[in-house]
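One structure is given below, encoded as structure tokens.
The values are calculated or read from the model by the stated rules, or taken from the named source; none is laboratory data. What you are looking at is a predicted structure, and each value in this text was computed from that prediction instead of being measured. Quick reminder, even Gly has a Cβ in these numbers, built from the backbone with ideal geometry, and neighbours come from all protein chains shown. Accessible surface is based on the protein model in full, side chains and every heavy atom, while ligands, DNA and RNA are left aside. Shrake-Rupley method; radii C 1.70, N 1.55, O 1.52, S 1.80 Å.
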Amino acid sequence: MMRKNKPEERSVKEVAAAILSVRPYAVAELYAKLEERDFDPNEIEETIALFLEMGFLDDAAYAATLVSHYQKKGYGSRRIQQELTQRGVDREVADEALEALEDPAQRIDRLVAVAIRRAPLDVASKRRLVASLQRKGFLWEDIRDALSRAEADVEDE
């Protein structure tokens, strides 16, 4: 029977592989996780370089996955950008991944339509809807345009 290493005896590579087996990470996130465990910074950098070379780490693919995931959850570009920044994704990589976002107008229009189906929008409910959409990371300009389109549709009926 093979004996497993105790956590304090594990190498940087073993710990990094274990961390990455749970979920993907950005390079900066993995570096921070390994640094928390008091590994030598040179060993961490060597391990990260090896994992990058082997394809176990790819910030561009990671950012694209996060963008897709949070878009499906209904978040806007501002909130997704915040999430990418929190996770240590480089700004250029994040901006490139954000280019794949679908037009926010369609998503906001769907959310506004659902709100209108529940009840006509009075001033108070409109404010709550706007606040909710802003918390999800949608830009005011996009929200305003969606509300204008919704109000025009109501007037046409």
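Per-structure values
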item	result
Sole residue being among the hydrophobic types (A, V, I, L, M, F, W, C), within 30 Å of G137 (Cα to Cα), modelled with pLDDT under 95 and open to solvent by 80 Å² or more (accessible area, probe 1.4 Å), chosen from V114, V22	V22
Near pairs, Cβ below 7 angstrom, 6+ apart or cross-chain, from the range 126-154 (at positive phi and open to solvent by less than 80 Å² (accessible area, probe 1.4 Å)) to any residue that is modelled with pLDDT of 90 or more and outside any helix (DSSP H, G or I)	G137/Y75; G137/G76
Candidate set: the range 46-61, residues that are open to solvent by 90 Å² or more (accessible area, probe 1.4 Å) and within 25 Å of the chain's Cα centre (by Cα); chosen: the one nearest to Q86 (Cα to Cα)	F56
Qualifying position, being under 20 Å from D58 (Cβ atoms) and charged (D, E, K, R), among E92, E102, E151	E92
Residues within the range 40-63 that are under 21 Å from R10 (Cβ atoms) and of a type in the set (F, W, Y), tallied	2
